[in-house]
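Notes for the one structure printed next.
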Amino acid sequence: CNMAVKEKMELTGNPFVDTGLGVIASLANLDDMNELTLSHLNSIYGNGDQITMWNSNLKSFTQIFGTNNPLYQYSYGFKKGKGPSETNKAIYKSILEGLLSEIGESTNGERCWACGALSNFDFAKVCKKAIESCGKKAPRDKWVGRDWFPLAGSLGSDAQSLPAASRPPNICPKCLFAMHFLPIGLILLNGRLTAFQCTSSEFWYELLRDIVNENKTRITSGNYDTLGTREGSQAFIKRLLVLFKRLQKEVSYTEAPEALYVWRFTNSGASPDCALEEIPNQALEFLSEAAKKGVEREIMDLLKFEGKNPKYSLYQCILDKRDYTNLYSEGKRKGASPELFALYETLVCGHSPRALRTAHKLAKKMSEQIGEKQLQRIQRREAFKEPRVQNQFRALMAGMAKEGELMLANYLDLFPLREGRGI
């Protein structure tokens, strides 16, 4: 029993470490992330050939670790256009094996800055042994920097996510080892590498498994581009819709999680950076309901009309809880169906169903009173900023109120005095 507890690999709360551990669990075909043990880490690593081959080719690897990692160092034989040499690969594998052998061996010392576990692990010693065993001269000093842990502060540089004003960060071997499975578990979102956290570990793991399985399929076909390249935020929205559709067929699925946290980061160049964004329950509920009602294909069709400015993407509109332009017809764009439109306006924008019914009633009434030419003119989005159109609707509402077709409560749904967003 004690051995089983010692072997168990629990989530740490660090998005990068947990993603790496989740990738390993997915590669081990585990249905439950909580089943992951040290034995699985050893089994998936094997002799190190597979992970070394993947990371020698995946573009996401250098996006995560840069080119100062031993796998890409020129001093060990790396050549542009040819890739890592056998010496690069041998040193890289030897260090990973050293990390793997040290997991769980230490239960005292300083706390790991990533997971909080006690560890007196000597990173420099493992690196020195691996480099010298391959006939290369090891550097006198070696510490954990951004070439081993994304956004880690290091001596001589500004502090990043792991501050290091006077000394390098202390990272345990489990966290450092897990990092090297990150390239298979990340996606690009608006040009930045992205990892996820969630209020539901089950939902997070299912999302990660989908990403890992898609990356594995792409690798098999010889495609090593980072998932989501040149897709903006559409790649993420599409995959969430597919995930909700799949989960809804399973008996265990109940409802969308309270929130999904999106860590978008860059670890390259002189300006590494990280942004944390929250996708709230209302937005996730919208995507879940869209999949349930079968309008996910319609959303994907609307995504085709998105321009290059991420500000107006469905992803950003969902985060900001604001209207999405592509819901409306314009030119070749047909806009959304009434069902999808109502779903977005209620769940994302927070409008009440009664306010939508009132707005629809006004629009229908107006369309019956004016000619085809005028109807086309007021269907333009900018038309409602024109005093003439505003006055037309004022007169319409006054007339409907006189006939008892528009109550004060309906009016306040559209133009609230103190609370609510109006429509």
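The values are calculated or read from the model by the stated rules, or taken from the named source; none is laboratory data. Given the structure is predicted, the values throughout are model-derived calculations rather than measurements. No Cβ is skipped: glycine too gets one built from the backbone with ideal geometry, and neighbour counts run over all protein chains shown. All accessible areas refer to the heavy atoms of the entire protein, side chains included, with ligands and DNA or RNA removed. Shrake-Rupley method; radii C 1.70, N 1.55, O 1.52, S 1.80 Å.
Descriptive notes on the structure:
- By the Kirkwood approach, averaging reciprocal distances over each pair of separate Cα atoms, the range 279-348 gets a hydrodynamic radius of 12.1 Å.
- For the range 356-371, 3J(HN,Hα) per residue [Karplus equation, 6.51 cos²θ - 1.76 cosθ + 1.60, θ = phi - 60°, Hz, x = Gly/Pro]: 5, 5, 5, 4, 5, 5, 5, 4, 5, 5, 5, 4, 7, 9, 10, x
- Take the range 274-423 with all the other protein chains still there, run a 1.4 Å probe, and you get 61 Å² of accessible area per residue.
- Sequence ranges 384-392, 198-206, ranked by mean other-Cβ count within 10 angstrom, highest first: 198-206, 384-392
- Pairs spanning more than 29 Å between alpha-carbon atoms, out of LYS332/LYS361; LYS80/LYS308; LYS332/LYS402: LYS80/LYS308; LYS332/LYS402.
- Surface composition of the range 354-406: carbon plus sulfur atoms hold 52% of the accessible area, using a 1.4 angstrom probe and ignoring ligands, DNA and RNA.
- Dimensions (Å) - the range 185-296, Cα atoms, principal axes, largest first: 45, 33, 24
- Excluding same-chain neighbours fewer than eight residues apart, the lysines reachable from LYS137 by a Cα-Cα span under 18 Å are LYS89, LYS93, LYS125, LYS128, LYS129.
- Along its principal axes, the chain has C-alpha extents of 91, 50, 44 angstrom, given from the largest down.
- Carbon + sulfur, % of accessible area of the range 189-313 - ligands and nucleic acids excluded, 1.4 Å: 48 percent
- Charge dipole (debye, nearest 20) of the chain; +1 at Cβ of Lys and Arg, -1 at Cβ of Asp and Glu: 1520 debye
- Point-to-point label distance, ARG381-SER271, nm (Cα→Cβ direction, 7 Å offset): 2.9 nm
- Less than 5 angstrom separates the built amide H of GLU330 from those of GLY335, all sequence-distant by 5 or more or on a different chain.
- In Hz, Karplus ³J(HN,Hα) per residue of the range 133-146 (6.51, -1.76, 1.60; θ = phi - 60°; x = Gly, Pro): 5, 9, x, 10, 7, 7, x, 5, 10, 8, 9, 6, x, 5
- Average projection area in nm² (convex hull over Cα atoms of the range 1-158, one quarter of hull surface): 10.2 nm²
- Cα-based Rg / Dmax (Å) for the range 238-295: 14.9, 48
- Computed over the range 241-389, the Cα gyration tensor eigenvalues convert (square root of 5λ each) into semi-axes of 33, 21, 14 Å, ordered from largest to smallest.
- Ratio of the Cα radius of gyration of the range 327-407 to 2.2 N^0.38 Å, where N counts its residues: 1.18
- Relative contact order of the chain: 12 percent, from C-alpha pairs under 8 Å at least 6 residues apart in sequence.
- Solution diffusion estimate, µm²/s, Stokes-Einstein, the range 76-235, Kirkwood Rh from C-alpha pairs, 20 °C, viscosity 1.002 mPa s: 120 µm²/s
- Residue-averaged 222 nm ellipticity for the chain, from DSSP H runs of 4+ at -39500 (n - 2.57), nearest 500: -14000 deg cm²/dmol
- Remark on CYS172: its backbone amide H falls under 5 Å from those of TRP113, ALA114, CYS115, a criterion applied only to residues 5 or more positions apart or on other chains, H modelled at 1.01 Å from N.
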